[in-house]
Amino acid sequence: MAFESKKLINNPNDVVTEFIEGLVETYPGLQYLDGFPEVKVVLRADVVGPKYDKVAVISGGGSGHEPAHAGFVGDGMLTAAICGDIFASPPVASILAGIRAVTGPMGCLLIVKNYTGDRLNFGLAAEEAKSEGYKVEMVIVGDDCALPPPRGIAGRRGLAGTILVHKIAGAAAASGLSLSDVAAEARHACGIVGTMGVALSVCTLPGQPKSDRLGPGKMELGLGIETDYVPIKRGSRVVLMINGLGATPVMELMIAAGKAVPILQLEHGLAVVRVYTGSFMTSLDMAGFSISIMKAEQAILQRLDAATKAPHWPVGVDGDHPPAKIPVPVPPSLSTKSDEVVLSRPQQLNQQGRALEVAIEAATMAIINLKDNLNDWDGKVGDGDCGSTMSRGATAIQEDLKKYYPLNDAAETINEIGSSIRRVMGGTSGIIYDIFCKAAYARLKPNNQSDITPLQWADAFEAAIGAVMLYGGAAAGYRTMLDALIPASTVLRERLTIGDDPLDAFLISSDAAIAGAESTKQMEAQAGRSTYVSADILTSVPDPGAMAAASWYHAAAVALKDKFNAGS
């Protein structure tokens, strides 16, 4: 059943942009980057990135959860907030724009809620920023206590407890701590907070009819407090946050707070030393509330009590109203390059350039030839488009290889492969391969680009795998592309260390990649859509992503061995 919902909006597609415009007019300490509608970044008006002498604290995510996150931008809390579309992770370009706008020599901390889109987009932006010379760390918040931790990498979601992490990290940064110390305090805060919620109605998306899915007399428990999931025991001192979900009156929130405190104290034996009640992280016009509990260590209380000008903590603001918007900053690398400098394929290839060309051509052709098999496997364990997606990326790489890959510069070539993939490959696989390339580029960049040693290639390979594990959350044995790449990396390092010929080492490691991909038939899926497929089906089909990775890796190794053994 659905019925008409009345809303005070103009074009449903413009709600986030118009929200930000109103926000910065209301609070003079805030600005936004001039790049609408693509770039939706709210930042402190008193911070200029290159000159900022403290750690920048940046968060964000899908809009619709206001005042999170833009309402918590201010001295002593967030330095910038990246706003995605309604319930959609913000794009990498917006996240990068925010990093560049507020990050100085002390670096920046990204606080990210545990959703796949947020992890991947913020992760890729972090790698991109690192390659541009910024110091970046990322902390994942997963405070949802609605269900036991599931198998695999999905994990607990980030809910209203994230706001407490923002405050603690922001206060730590304002005190002048280093990036590593600010990140450490934020990670510690993540481990001592839990959230549980209840909804009385579903929310209404802008421009859509309102649904009454729950029906009369029903509520939905578990938005995401059992204190079993956080280190809070009887006798602990705690902070309590009662958070409205968007359509809950202040009266009802205060009623919830008034009932929660004695229950926590009398029934659970907890000493409630701080109570925050209000709407901190909503879900548009959803009726309901969440309860967050954080262990109230003395150091935590000092951070929570520290002064802040973030308007929705809430505190008052003062000062003159600066211009509402400032230009989107460009990467440092672009600002120092001549306008005439463009990437192009060199007319004369050195030996490394020829090797890269051979490897790229063989790897992409292998993926294109494997398209139908990949789609067939993915049709059984996924959504059936792995081959088409990978083939689209391989074709783009082939086309760009002919035009402008700077093959004599290995690092820039790897970087451009990532750009080609980003342009045409959608979904999770595209962004994961882009992260893979960006991390390899960052490791190769400081080296002599015309003569990368085999061990330096092995280092870059390991760094790329590490970045995929960090931001994607998977590991060996999860039935993913990593089950082909990790064995290959291990064997490559072993063979090079004992002094094998590099081409032989590459070829032997590619056999390990194929064996690893085939072994996924015996694995229980712990990532991606395969987690929803029965074990009987999985045992008959290898993981398509692992097979694709093994295919391009093996093809590149064979092509290089054939080419350079023949003396070409």
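The values are calculated or read from the model by the stated rules, or taken from the named source; none is laboratory data. Since this is a predicted model, take the numbers as computed values, not measurements. For neighbour counting, all protein chains shown are included, and Cβ atoms are generated from backbone atoms with ideal geometry for every residue, glycine included.
Which residues, taken from the range 392-433, are of a type in the set (Ser, Thr, Tyr) and outside any helix (DSSP H, G or I)? Quick ask: steps written out before the conclusion?
First pass over the range 392-433, keeping only residues of a type in the set (Ser, Thr, Tyr): 395, 404-405, 413, 419-420, 428-429, 433.
Those that are of a type in the set (Ser, Thr, Tyr) and outside any helix (DSSP H, G or I): 404, 405.
Scanning the range 490-512 for residues that are within 30 Å of the chain's Cα centre (by Cα) and surrounded by fewer than 22 Cβ atoms within 10 Å (Cβ to Cβ) returns 490, 491, 493. Pairs linking a residue in the range 412-431 that is more than 14 Å from residue 121 (Cβ to Cβ) to a residue that is of a type in the set (Asp, Glu) and surrounded by fewer than 24 Cβ atoms within 10 Å (Cβ to Cβ), with Cβ atoms under 6 Å and 6 or more positions apart or on different chains, are 420/400.
Being in a helix (DSSP H, G or I) and over 22 Å from residue 114 (Cα atoms) is the filter here; which residues of the range 174-186 pass it?
Looking only at the range 174-186, we keep the residues that are in a helix (DSSP H, G or I), and these are 174, 179-186.
The answer is 174, and nothing else.
Among residues that are within 28 Å of residue 411 (Cα to Cα) and either in contact with a helix residue (DSSP H, G or I) (Cβ under 8 Å, 6 or more places away or on another chain) or surrounded by 15 or more Cβ atoms within 10 Å (Cβ to Cβ) (or both), residue 525 is not included. Among the conditions (1) under 20 Å from residue 190 (Cβ atoms); (2) assigned to a strand (DSSP E or B), residue 85 misses just one, which is (1). Using the structure shown, decide if residue 354 is outside the structural domain of residue 419 (by TED's automatic domain parsing), surrounded by fewer than 21 Cβ atoms within 10 Å (Cβ to Cβ) and over 30 Å from the mean Cα position of the chain (by Cα). Answer is no for this residue. Within the range 90-135, restricting attention to residues that are among the polar types (S, T, N, Q) and more than 8 Å from the chain's Cα centre (by Cα), the residue that is surrounded by the fewest Cβ atoms within 10 Å (Cβ to Cβ) is 131.
Restricting attention to the range 541-549, does a residue exist that is modelled with pLDDT under 95, farther than 24 Å from residue 430 by Cβ and either crowded, with 19+ Cβ neighbours inside 10 Å or not β-branched (Val, Ile, Thr) (or both)? There is no residue in the range 541-549 that is modelled with pLDDT under 95, farther than 24 Å from residue 430 by Cβ and either crowded, with 19+ Cβ neighbours inside 10 Å or not β-branched (Val, Ile, Thr) (or both).
Of the residues 435, 417, 465, which single one is under 26 Å from residue 499 (Cα atoms) and within 21 Å of the chain's Cα centre (by Cα)?
Numbers: 435 fails: under 26 Å from residue 499 (Cα atoms); 417 fails: under 26 Å from residue 499 (Cα atoms).
Residue meeting the stated conditions: 465.
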